[in-house]
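Have a look at the structure below, then the notes.
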Amino acid sequence: QELSDEETTTSMTSTTLVPQPNWELKTCILWGDPHCYTFDGMRVDYYASGEVWIVKSAQVHIKGIFDSTPWTVEHEEGKSATMSIIVTGPILEGHTIKVGRLEEPILWNGTDAVGMTWVQ
């Protein structure tokens, strides 16, 4: 059966363009006991134990935890080493990622992240 003009439906699609932030990509590199190249390209070395904000912006919080190890006490006058990096902030919607030493698991909200089922 044919449809009359009054019975014809038209489907319309609309697209909303959302302006993207004008971000400039920057890199910070952190390694070892710890050495750091900052976002502005400076080289910084931290040798004391403690907690240091690596990033503390409105959206992203990254903290480094540094302490001496038996090896650094014996060979490096007790200089600190990177023990863990903790990432949180509004960008993670209340969640926390912790990356520790090689023998430690990567944690998502305190739970071993390996083998977790991730849902987008």
Can you list residues from other chains, or at least 5 along the same chain, whose modelled amide H is less than 5 Å from the amide H of His61?
Thr88, Gly89
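Quantify, in whole percent, the carbon and sulfur part of the accessible surface of the range 16-55 (1.4 Å probe; protein heavy atoms only).
Working: 1970 of 3330 Å².
For the range 16-55, the apolar C and S fraction of the accessible surface comes to 59 percent.
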For the range 56-120, the Rg and Dmax computed from alpha carbons only, in angstrom:
14.7, 46
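Loop-only check: which trypsin sites (Lys or Arg not before Pro) in the range 44-120 are DSSP coil with at most 12 other Cβ within 10 angstrom?
On the way: sites: Lys56, Lys63, Lys79, Lys98, Arg101; in loops: Lys79, Arg101.
The qualifying sites are Arg101.
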Extension gain (nm, one decimal) between Trp31 and Glu74, 0.36 nm per residue minus Cα-Cα:
13.5 nm
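Once R0 is set to 22 Å, what does the formula 1/(1 + (r/R0)^6) return for the Cβ-Cβ distance between Ile65 and Leu102, expressed as a FRET efficiency to the nearest 0.05?
Details: r = 15 Å, r/R0 = 0.68.
Taking R0 as 22 Å, the efficiency between Ile65 and Leu102 is 0.90.
So, counting K/R as plus one and D/E as minus one, what does the shell of residues with Cβ under 15 Å around Val73 add up to? Let's see the in-between values first.
On the way: positive: Lys79; negative: Asp33, Asp67, Glu74, Glu76, Glu77.
Net of charged neighbours comes to -4.
Please list Asp112, Asp40 in order of solvent-accessible area, largest first, computed with a 1.4 Å probe with all protein chains present.
Details: Asp112 75, Asp40 115 Å².
My answer, sorted largest first, is Asp40, Asp112.
The values are calculated or read from the model by the stated rules, or taken from the named source; none is laboratory data. These figures come from a predicted structure and were not determined experimentally. Don't worry about glycine lacking a Cβ; one is built from the backbone with ideal geometry, like all the others, and counts go over all protein chains shown. Side chains included, ligands, DNA and RNA excluded: accessible areas come from the protein's heavy atoms. Shrake-Rupley method; radii C 1.70, N 1.55, O 1.52, S 1.80 Å.
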